[in-house]
Amino acid sequence: MTPEQRDFILQACAASSLCAGATIQSLWSGYGEIVRVHLQGCRRPSVILKHVKFPEEAGRPGGGGGNTDRSHRRKVRSYQVETNWYQNFSTDDSCRIPACLAACSHNDEMLIVLEDLDVAGFDGRRTSVKEKEIRACLGWLAHFHALFLGVEPEGLWPVGTYWHLETRPDELEAMDDAELKAAAADIDRTLSQCRFKTIVHGDAKLANFCFSPSGQEVAAVDFQYVGGGCGMKDVAYFLGSCLDERECERRVPGLLEHYFSELRGSVRQDVDGDALEEEWREMFAFAWTDFHRFLLGWMPGHWKINRYSKELTREVLCKIQNQKQASSSPRTTSSTHK
């Protein structure tokens, strides 16, 4: 840690001294690290420093889109979006996020100083979850989507999620599934043209939720791919991150009921809850298939490419085919000849 970085953190936290603790994790593809910083002389015992340092040459090893300049630009943009998110957007206790204490950027480095959620009572991390913990995360997503329903994603990704079709041409090109590849634009268009739009987390996997000791309250982190879109993108991606194919078949219907119950109880009174639920239920399979499309091009051997995903994809492809047939069929008209 440089003297300038130390001074920046001390000033942001009004602390007298600090000590860098252990690295919590390295950022994807070697783009920096997340470190816990211990403080003295202020009310906060510690904060989290997200230190982003862009490689001197774009395209370092790391997978996830290859070592291309496009991949590098996407990552740079993602950290700019995250900084803007923390500086200009806020939530409430129903969808808790860490408070941003300070942020700055200089040349090829970015610093974000965040509240330490462990200190705030969200010190639990999960690699597997029970029903109550899944419901807690779905409740967080429902309140988040309700809070930002109709809000423009100014300064964020116009379309959130890291697998958005427009930003992933390499993965689309790599796909072997010709039918799904041909339908990819239609799937993306269907999701993008939905009537009810919100701001989506964009990477709402289990690893990005922090749990209270009881597991019934959660906070979320990692907002690099936050942006506009249909809330089902977050829901489908989250459920796919913590359920295997058999669990999906058995549990998804009930978990969707919980999500929509939370959503309807959270939206503003002027929102047509029936229309919102009807549309987003229809979008669930499209959102799931959209991520399935990305996986097939990114990592075709991934464990999430399973029977449940393939069944939903077949349903979506049939719907798209039927829509095209209906739109291309000649319309019959009746006329009266005198």
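So, by mean Cβ neighbours within 10 angstrom, what's the order for 176-184, 142-150 with the highest one leading? Write out the running numbers ahead of the final one.
Values: 176-184: 15.0, 142-150: 21.4.
Output ranking for 176-184, 142-150: 142-150, 176-184.
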Sorted by chain and number, the residues with a modelled amide H under 5 Å from that of Leu101, at a separation of 5 or more or across chains, are Val113, Leu114, Glu115
Along the range 216-225, Karplus-curve 3J(HN,Hα) (6.51, -1.76, 1.60; θ = phi - 60°) to the nearest Hz, with x for Gly and Pro, reads 9, 10, 9, 10, 10, 10, 6, 10, 5, 10
Run the dipole for the chain about the Cα centre, Lys and Arg Cβ at +1, Asp and Glu Cβ at -1, nothing else charged, and hand back the magnitude in debye, nearest 20.
420 debye
Note down the magnitude of the dipole of the range 77-232 about its Cα centre, charges +1 on Lys and Arg C-beta and -1 on Asp and Glu C-beta and zero elsewhere, to the nearest 20 debye.
540 debye
Peptide ranges 219-232, 275-288, 297-310 listed from the most packed, as the mean C-beta count within 10 angstrom indicates
219-232, 275-288, 297-310
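Given Lys132/Lys233; Lys304/Lys324; Lys50/Lys205; Lys205/Lys310; Lys132/Lys324, which pairs have Cα atoms separated by over 31 Å?
Table pairs above 31 Å Cα-Cα are Lys132/Lys324.
Per the 1.4 Å probe, what fraction of the accessible area of the chain, in percent, lies on carbon and sulfur atoms? Spell out each step's value before the answer.
Values: 7790 of 16530 Å².
Ligands and nucleic acids excluded, carbon and sulfur reach 47 percent.
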Between Arg307 and Thr91, the FRET efficiency computed from the C-beta separation at R0 = 25 Å comes out, to the nearest 0.05, as 0.10
Heavy-atom accessible area per residue, the chain, 1.4 Å probe: how many Å²?
49 Å²
From the backbone phi of the range 105-112, what are the Karplus-calculated ³J(HN,Hα) couplings (6.51 cos²θ - 1.76 cosθ + 1.60, θ = phi - 60°) in whole Hz, Gly and Pro given as x?
9, 8, 6, 9, 10, 9, 10, 10
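The values are calculated or read from the model by the stated rules, or taken from the named source; none is laboratory data. A quick note: this is a predicted structure, and the numbers were derived from the prediction, not measured. In this analysis, Cβ positions are derived from the backbone assuming ideal geometry, glycine residues included, and neighbour counts consider all displayed protein chains. With ligands, DNA and RNA removed, areas are computed over all heavy atoms of the protein, side chains included. Shrake-Rupley method; radii C 1.70, N 1.55, O 1.52, S 1.80 Å.
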